[in-house]
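Just so you know, all these numbers are worked out from the coordinates, no wet-lab data involved. Computed from a predicted model, the values in this text were never measured in an experiment. Here the Cβ is made from the backbone with ideal geometry for all residues, glycine too, and neighbour counts use every protein chain on show.
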Amino acid sequence: MTRDDLKSEIAAWLRAAGIDEAALEARHILAAASSEAEARDMAQRRAAREPLSLILGNQPFWTLDLRVTPDVLTPRADTETLVEWALSHLADGGRVVDLGTGSGAILLAILSERPNASGVGIDSSAAALQVAEENARRNNLADRCDFRAGNWADGLPGNAFDLAVSNPPYIASAVLETLDPEVTDHEPYLALDGGADGLDCYRLLVPQLFRILRPGGHAAVEIGYDQAEAVNALFAAAGFADVALSRDLAGNPRVISGQKTETQSR
Ligand code: GLN
């Protein structure tokens, strides 16, 4: 069987399993597999709706290539909206913190564009932190970031960071059960479950973001498409000024941001 025949067969197989980008994914599988048997094995896993990122073990994000495992959320293209916002509010040499860093995607993408910036990534999962550390090394950023175990900003100093970012879990628990099998069967609930209304983590997190920023510093969080109003209100209540919404490439609300102004400290 030729490589093209195998690719067509796998694409048909994936299409029949309900996978939208079957031809593209078949191409990725062929590129990653070193034998026909391995390609068939990968295709079988994919047809059973395991995410391609976990089958291949890596995922592109921003300009980086990141390792992903079942212990971290696979970085989504939507999250590049948060990276873009962050880059437009961070001078080179700044100090960044990423709360709930997972694979390290957001922090590493920011540091890759600001050669004199440094940062800290916090996660409550030791397994996720190992993945983040490997991603830092893989992208030659390990000397400018530090990954630490923690519960959001607990234990971090106040008035310390120029920029604070987070993509917390924000899916309402009941909605989470209705998502695609790739998500419900293979991605960490810890990274997705935002409680009854999806907002539990923001309630904890937003006041903490304010506390750890230096006066003049900026914070931004990723949100779900229907959470802009609620998270905007949490930012305002925490004391942030210039609270604003950014949309993703599809035009959906995706990031809420704000500034701790110079005269504020807490
Ligand atoms: N955007 C992700 C999804 O749709 C959710 C990310 C999150 O909860 N932080 O699965």
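Tabulated data for the structure shown
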| item | result |
| --- | --- |
| The chain: angle of helix 22-32 to the longest principal axis, Cα-based, in degrees nearest 10 | 90 degrees |
| DSSP beta bridges in region 49-198 [antiparallel fraction, %, rounded to 5] | 20 percent |
| Relative exposure of LEU163, LEU141, judged by other C-beta atoms within 10 Å (fewest first) | LEU141, LEU163 |
| Cα lying deepest toward the dipole's positive end in region 1-153, options ALA91, GLY104, TRP152, charges on Cβ | TRP152 |
| Charge dipole (debye, nearest 20) of the chain; +1 at Cβ of Lys and Arg, -1 at Cβ of Asp and Glu | 660 debye |
| Separation of alpha-carbon centers, region 113-132 and region 154-188, rounded to whole Å | 15 Å |
| Hull shadow area, averaged, the chain [alpha-carbon convex hull, nm²] | 14.1 nm² |
| Convex hull of Cα atoms in region 1-125, direction-averaged projection (nm²) | 8.8 nm² |
| Degrees separating the helix 36-47 axis from the principal Cα axis of the chain, which is the longest one | 60 degrees |
| Cα shape, region 63-217, gyration tensor, a/c 1.5 rule | oblate |
| Sites ALA48 and ALA142 - FRET efficiency at Förster radius 35 Å, r taken between beta-carbons, to 0.05 | 0.50 |
| Within the chain, percent of DSSP bridges classed antiparallel, to nearest 5 | 40 percent |
| Candidates ILE19, ILE106, ILE122: whichever shows maximal mean-square fluctuation once the chain is modelled as a Gaussian network with Cα springs under 10 Å | ILE19 |
| C-alpha center-to-center spacing [region 225-266, region 1-79] in angstrom | 36 Å |
| Packing-based order for 145-152, 35-42, using average beta carbon neighbours within 10 Å, highest first | 145-152, 35-42 |
| Distance in nm between pseudo-label sites at ARG203 and LEU24 (7 Å out along the Cβ direction from Cα) | 3.8 nm |
| Fraction of antiparallel bridges per DSSP, region 144-266 only, in percent to nearest 5 | 60 percent |
| Spherically averaged projected area in nm², based on the convex hull that wraps the Cα atoms of region 125-178 | 5.7 nm² |
| Theoretical FRET efficiency, 1/(1+(r/R0)^6), r = Cβ-Cβ of GLU113 and ASN252, R0 30 Å, to 0.05 | 0.80 |
| For THR74, THR2, order by how many other beta-carbon atoms lie within 10 Å, fewest first | THR2, THR74 |
